[in-house]
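The values are calculated or read from the model by the stated rules, or taken from the named source; none is laboratory data. Being a predicted model, the structure only gives us computed values, none of them experimental. Here Cβ is always computed from backbone atoms with ideal geometry, including for glycine, and neighbour counts include all displayed protein chains.
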Amino acid sequence: MADQKVEFHYLNQPEMIKAGVMNMTDCVDVMEKTFSIMGRGDYILGGPSHNHHGMMIQFPKDPKGPKMPVEGPDRRFMACVSYLGGDYHLCGTKWYGSNSENLKKNLPRSIHLIIINDPETGVPIAMMEGNLISAMRTGAVVGLGARYLASPEGQMAGIIAAGPISRTCLMALAVGLPQLKEARVYDLDYKKALLFSKEMSQELDIDVHPVANIQDAVRDCDAVSTAASGKTIPKFDKNWFKDGAYIALSSNADLPDELWLNSTLVADNWKMHIDWREEINSKNHSKIPIHGKLHGLIKSRKISDEDISEMGDIVTKKKNVIRGGGSVNIFLTGGMGIEDISWAYEIYKKAIKKSLGNSLKLWDTPYLY
């Protein structure tokens, strides 16, 4: 009889740090491998389209129970399920809860848990803290975008918002742009931008400094990254960006129509963004969770879905984008579970080699089957 024992490996955050979860160079390389697999079509996300970001619990404005949570900024629960093929051949889930009010309790805005499973049996392989995985892969995708979409001689970056995701985005830009020397940081809270700049200057050994407004943050920059959460959406003017600039949008941004219409547009997975649009099915494009203004231009037929390339096709060389040319290159990201799975699995393997973490047992023999 086959062994019926089921165990999985558990990793907490300190163990993951020891295993190398904060190694951005490795993470960017893993994201490149992930998008190469995706470019070959060897992946599945959620839903019937196989491209849905995840299943979300959306809280109502008017709760129907005495303890039911109420709609609020960045308040949701989400399960991001996916399968990643290639050398990975894994299924996995990222489960997280998010609430901006967490910051008042000295907690991260969102708290993540990642589970990796055998795709044949469903047996869990690993369970781990997911905040660092999620933050690192989000930034790493921006760095991967710089590797393929930004001028290879790029030396200056603009950072919009001084939160934890902007930290990993700047870490990744330093990987994707080896000649990066300077970064300007804008945040609604100047003191936050000041602290961010001090810490990142020391970590990356480049000149990182705060600026007083968005215009100063992005003007003449080779790469711009925006990762702003909350109600305030950063607004940009097309004349602020230099020719050939790389703009990475990890969050919503208010870009003028002319910039959308005259830039090269690349998405992490545009089919996923289409799923968002069709799920909302609203005449008001502003209700679409991310990049709603672009969807409005598509609806008015000023741009078509076919005008938007995907990073997987660029990594696999099915499509080519000019780096640092006359056109601004805009990279739209929404995040995918396959990114979490690949980086989580790499950290799991490193943890096993370093004897980090603990094995937890579900059973020796299943009680019912």
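May I ask you to list the residues in region 339-353 that are touching a residue at least 60 places away in the same chain (Cβ under 8 Å) and out of contact with any helix residue (DSSP H, G or I) (no Cβ under 6 Å at 6 or more places or on another chain)?
Ile341, Tyr345, Tyr348, Ile352
How many residues are assigned to a helix (DSSP H, G or I) and either free of Cβ contacts under 8 Å to residues at least 40 places away in the same chain or hydroxyl-bearing (Ser, Thr, Tyr) (or both) if we restrict to region 132-185?
Within region 132-185, residues that are assigned to a helix (DSSP H, G or I) and either free of Cβ contacts under 8 Å to residues at least 40 places away in the same chain or hydroxyl-bearing (Ser, Thr, Tyr) (or both) number 7.
Of all residues in region 200-233 being assigned to a loop (DSSP other than H, G, I, E, B), in contact with a Ser or Thr (Cβ under 7 Å, 6 or more places away or on another chain) and farther than 12 Å from Leu188 by Cβ, which is modelled with the lowest pLDDT?
Among those that are assigned to a loop (DSSP other than H, G, I, E, B), in contact with a Ser or Thr (Cβ under 7 Å, 6 or more places away or on another chain) and farther than 12 Å from Leu188 by Cβ, it is Ala227.
Only helices (runs of 4 or more DSSP H) wholly contained in region 282-369 count here; list those with 2 or more residues that are at pLDDT 95 or above.
By residue number, 311-315, 337-353.
Hey, can you tell me all the residues within region 72-94 that are out of contact with any Ser or Thr (no Cβ under 9 Å at 6 or more places or on another chain) and crowded, with 17+ Cβ neighbours inside 10 Å?
Tyr83
Return a yes/no flag: does region 234-252 have any residue that is touching a strand residue (DSSP E or B) at 6+ places or on another chain (Cβ under 7 Å), part of a loop (DSSP other than H, G, I, E, B), at pLDDT below 95 and more than 15 Å from Ile330 (Cα to Cα).
So far as region 234-252 goes, yes, one or more of its residues are touching a strand residue (DSSP E or B) at 6+ places or on another chain (Cβ under 7 Å), part of a loop (DSSP other than H, G, I, E, B), at pLDDT below 95 and more than 15 Å from Ile330 (Cα to Cα).
For every residue, the table says whether it meets (1) in contact (Cβ under 8 Å) with a residue 24 or more places away in the chain; (2) more than 20 Å from the chain's Cα centre (by Cα); (3) surrounded by 14 or more Cβ atoms within 10 Å (Cβ to Cβ); (4) farther than 28 Å from Asp257 by Cα.
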{"residue": "Leu194", "(1), (2), (3), (4)": "no, yes, yes, yes"}
{"residue": "Met200", "(1), (2), (3), (4)": "yes, no, yes, yes"}
{"residue": "Val208", "(1), (2), (3), (4)": "yes, yes, yes, yes"}
{"residue": "Val211", "(1), (2), (3), (4)": "yes, yes, yes, no"}
{"residue": "Ala217", "(1), (2), (3), (4)": "yes, yes, yes, no"}
{"residue": "Ala228", "(1), (2), (3), (4)": "yes, no, yes, no"}
{"residue": "Thr232", "(1), (2), (3), (4)": "yes, no, no, no"}
{"residue": "Asp237", "(1), (2), (3), (4)": "no, yes, yes, no"}
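Tell me which residues, restricted to region 38-58, are of a type in the set (A, V, I, L, M) and surrounded by fewer than 21 Cβ atoms within 10 Å (Cβ to Cβ).
Ile44, Met55, Met56, Ile57, listed by residue number.
Could you please let me know if His50 is in a loop (DSSP other than H, G, I, E, B), under 19 Å from His89 (Cα atoms) and over 17 Å from the mean Cα position of the chain (by Cα)?
When the stated conditions are applied, His50 passes them.
Looking at region 253-277, which of its residues are assigned to a loop (DSSP other than H, G, I, E, B) and within 23 Å of Thr138 (Cα to Cα)?
Scanning region 253-277 gives Ala253, Leu255, Ser263, Asp268, Asn269.
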